[in-house]
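Input: a single structure, listed below in structure tokens.
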Amino acid sequence: MSRDIGKGNNAMDLKKKHRPQRFEHLAQGLSDPIVQAITRTLEAGRHIQATCLIGTYGTGKTSIARLIGKRNACTNKERHGFEPCGQCEGCREIERNPGGAEFHGYIEYDAPVETSMLISNLRHELLWGLSKANSSRVIMLDEFHRVKDQEKFDKVIEDANDGVQFVLCVSDAEALNPAIASRCTKRLISIPTPQASIAHVQRIADAEGKTLAASEADMIVSTANCIPRHYVKLLGEVLNFCNGEASIPKDVVALACKHFVP
């Protein structure tokens, strides 16, 4: 059977399209102990000044941070427990443009930017937030382990008002400054189990109108080492190789896996 490898590649679109918009959509599932710790904290309304999400690239740290921010921005959270409603203006804005949703109680920074500039922006954001009617906000610092002079952020976190929550996403725990680490509640984001990964990739295939057998789903997640970012990308390649089949053939999966580059 002839297949055009990589024709019309839409793998990144698939990843964006199926980014979790609720905690129940996370690859790890609601039964994961760390996911439970996060959701129970939210449901109980407990304030954590700084949370550090630690885990391998592609395991969902950014998605979890955005969900925490989305739940903070949700105007219906009292009726939905730990889940954001997904319908209010705050939820929809974070889904549309998470990097520009600061008016709705969430803001994210790519932490590798120059340190003094980042601190200046943060202090402006925190002071500006105090003048707002609702100063509650979640500030996410992505790739924080790559920041130089991390110790300078200790005072920023300490001086933040009670309505501010920092979420630091870290892929290299050893590169995290000890003083910053001591201020954070650390959450180790695990790689999903093979069973959870198989179920996750099958749900995405189903949402795309394709039937994916468990054995083929297992081939995909095994090739991607159960890393959600990688197996969603690989599933995108599989869909590119399909010639309109409703049920994804095994040879298509094998072909995509053979040529897959994370």
Is it the case that ILE94 is β-branched (Val, Ile, Thr), in a helix (DSSP H, G or I), within 17 Å of SER136 (Cβ to Cβ) and touching a Lys or Arg at 6+ places or on another chain (Cβ under 9 Å)? yes
What number of residues in segment 30-65 are assigned to a helix (DSSP H, G or I) and either more than 25 Å from GLN195 (Cα to Cα) or of a type in the set (A, V, I, L, M, F, W, C) (or both)? 10
What are the residues in segment 204-215 that are part of a loop (DSSP other than H, G, I, E, B) and under 20 Å from ASP13 (Cβ atoms), if any? GLU208, GLY209, LYS210, LEU212
From LYS77, LYS70, LYS61, residue being crowded, with 21+ Cβ neighbours inside 10 Å, of a type outside the set (Val, Ile, Thr) and closer than 24 Å to LEU234 by Cβ: LYS61
Out of all the residues in segment 210-227, is one or more of a type in the set (Asp, Glu) and at pLDDT below 95? no
Can you list residue pairs whose Cβ atoms sit under 9 Å apart, with the first residue in segment 39-62 being within 19 Å of GLU83 (Cα to Cα) and the second being of a type in the set (A, V, I, L, M) and in a loop (DSSP other than H, G, I, E, B)? Count only pairs 6 or more apart in sequence or on different chains. THR39/LEU30; THR41/ILE48; LEU53/ILE189; GLY60/LEU26; GLY60/ALA27; GLY60/ILE189; LYS61/ILE189
Quick check on my filter: what residues within segment 156-176 are modelled with pLDDT under 85 and within 12 Å of GLU125 (Cα to Cα)? ALA160, ASN161
Suppose the filter is within 25 Å of ALA160 (Cβ to Cβ), of a type outside the set (A, V, I, L, M) and modelled with pLDDT under 95; does GLY8 pass it? no
Taking segment 157-193 and the residues there that are surrounded by 12 or more Cβ atoms within 10 Å (Cβ to Cβ) and among the hydroxyl-bearing types (Ser, Thr, Tyr), the one that is nearest to ALA73 (Cα to Cα) would be THR185
Reported set for segment 206-215 where residues are hydrophobic (A, V, I, L, M, F, W, C) and either surrounded by fewer than 17 Cβ atoms within 10 Å (Cβ to Cβ) or closer than 14 Å to ALA27 by Cβ (or both) is ALA207, ALA213, ALA214
Looking at segment 234-255, I want the residues that are farther than 16 Å from SER215 by Cα and modelled with pLDDT under 95 and have a partner that is exposed (fewer than 12 other Cβ atoms within 10 Å of the Cβ) and of a type in the set (A, V, I, L, M, F, W, C) with Cβ atoms under 8 Å, at least 6 apart or on another chain. Which pairs are those? GLY236/MET12
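Conditions (1) in a helix (DSSP H, G or I); (2) surrounded by fewer than 21 Cβ atoms within 10 Å (Cβ to Cβ), marked per residue:
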| residue | (1), (2) |
| --- | --- |
| SER197 | yes, no |
| ALA217 | yes, no |
| ARG229 | yes, yes |
| GLU237 | yes, no |
| ASP251 | yes, yes |
| VAL261 | no, yes |
Only listed residue being among the acidic types (Asp, Glu), surrounded by 14 or more Cβ atoms within 10 Å (Cβ to Cβ) and either at pLDDT below 90 or not assigned by TED's automatic domain parsing to the domain that holds GLY105 (or both), chosen from GLU151, GLU125: GLU125
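The values are calculated or read from the model by the stated rules, or taken from the named source; none is laboratory data. None of the values given here were measured: they were computed from a predicted structure. Every residue, glycine among them, receives a Cβ derived from its backbone with ideal geometry; neighbour counts consider all protein chains shown.
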